[in-house]
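> Below: one structure in structure tokens.
The values are calculated or read from the model by the stated rules, or taken from the named source; none is laboratory data. Keep in mind it's a predicted model, so treat the numbers as computed, not measured. Backbone-built Cβ (ideal geometry, glycine too); neighbour counts: all protein chains shown.
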Amino acid sequence: MLVKSYKIIEILPCLVDPEKTRVIAMISEDVSGVLPYINAIDKNAIYTKNANTLTLPKSERLITIHPRKIAITKLKDEQEAKKILDETIKLINETFKKKSEIKPDYERRKRPNFLDIYKLLPKTNCRKCGELTCFAFAAKLVKEEIVITRCSSIFESGYKNNREKILKILQGSGFEIPVDLK
């Protein structure tokens, strides 16, 4: 076991959603060495080698692991914070335990640029996906608030090349792509 305990040191209003909170917790041990291993097993992780941080996008929130602290955004309350902190500590400890079986990944994956996605979409603003515009769809897609399969137009034969480019961009950024789309 690497991390034995944590202590919540700040509960603040969330900068993105004022109705939610953000939490900063100090952790008992330095976890710098395990961050590249978590980066290797979680393809949605964003590892920043120079800053020595790892950000895990989970649902709407971000969990950022620093060497001796964890910051979490968009929380309902302290109880939810403790639950997510416990899950994060468990991930750190399990990864640390299996370190010898994992090849560390020091590369930084970036979120795709929504404009790059938008340029490849049909731009029909058909609203079949539930969004008002293709622009809004692209923005939600890169934030993982919507999935590519919601855009039925991109799966028409005339958009095959663009569809393949979009899927390549998404997969390269660590997005889960259904097997039947690969």
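> When you check GLY130 against the structure, is it small (Gly, Ala, Ser), modelled with pLDDT under 90 and not assigned by TED's automatic domain parsing to the domain that holds LYS43, yes or no?
In short, no.
> Within the range 51-76, how many residues are in a loop (DSSP other than H, G, I, E, B) and either over 18 Å from MET26 (Cβ atoms) or assigned by TED's automatic domain parsing to the domain that holds VAL142 (or both)?
Adding up the residues that qualify gives 3.
> Still on this structure, I have one more. Given the criteria of a type in the set (Lys, Arg), over 25 Å from ALA40 (Cβ atoms), at pLDDT 80 or above and loosely packed, with under 15 Cβ neighbours inside 10 Å, does LYS140 qualify?
No.
> A further question follows. Can you pull out the residues in the range 34-50 that are over 17 Å from LYS98 (Cβ atoms), in contact (Cβ under 8 Å) with a residue 12 or more places away in the chain and part of a loop (DSSP other than H, G, I, E, B)? Steps first, please.
At the first step, the residues of the range 34-50 found to be over 17 Å from LYS98 (Cβ atoms) are 44, 46-50.
Add one more test, that the residue is in contact (Cβ under 8 Å) with a residue 12 or more places away in the chain, and what stays is 44, 46-49.
Correct list: ASN44, LYS49.
> Next question. Considering only the range 162-182, state which residues are at pLDDT 75 or above and touching a helix residue (DSSP H, G or I) at 6+ places or on another chain (Cβ under 9 Å).
Of everything in the range 162-182, those that are at pLDDT 75 or above and touching a helix residue (DSSP H, G or I) at 6+ places or on another chain (Cβ under 9 Å) turn out to be ASN162, ARG163, LYS165, ILE166, LEU167, ILE169, LEU170.
> Within the range 77-182, which helices (runs of 4 or more DSSP H) (wholly inside it) include 1 or more residues that are in contact (Cβ under 8 Å) with a residue 40 or more places away in the chain and under 28 Å from VAL23 (Cβ atoms)?
Answer list for the range 77-182: 78-97.
Table: residues versus (1) closer than 19 Å to ALA81 by Cα; (2) in the same structural domain as THR55 (by TED's automatic domain parsing); (3) of a type in the set (Asp, Glu).
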{"position": "GLU10", "(1), (2), (3)": "yes, yes, yes"}
{"position": "ASP17", "(1), (2), (3)": "yes, yes, yes"}
{"position": "LYS20", "(1), (2), (3)": "yes, yes, no"}
{"position": "GLY33", "(1), (2), (3)": "no, yes, no"}
{"position": "ASN44", "(1), (2), (3)": "no, yes, no"}
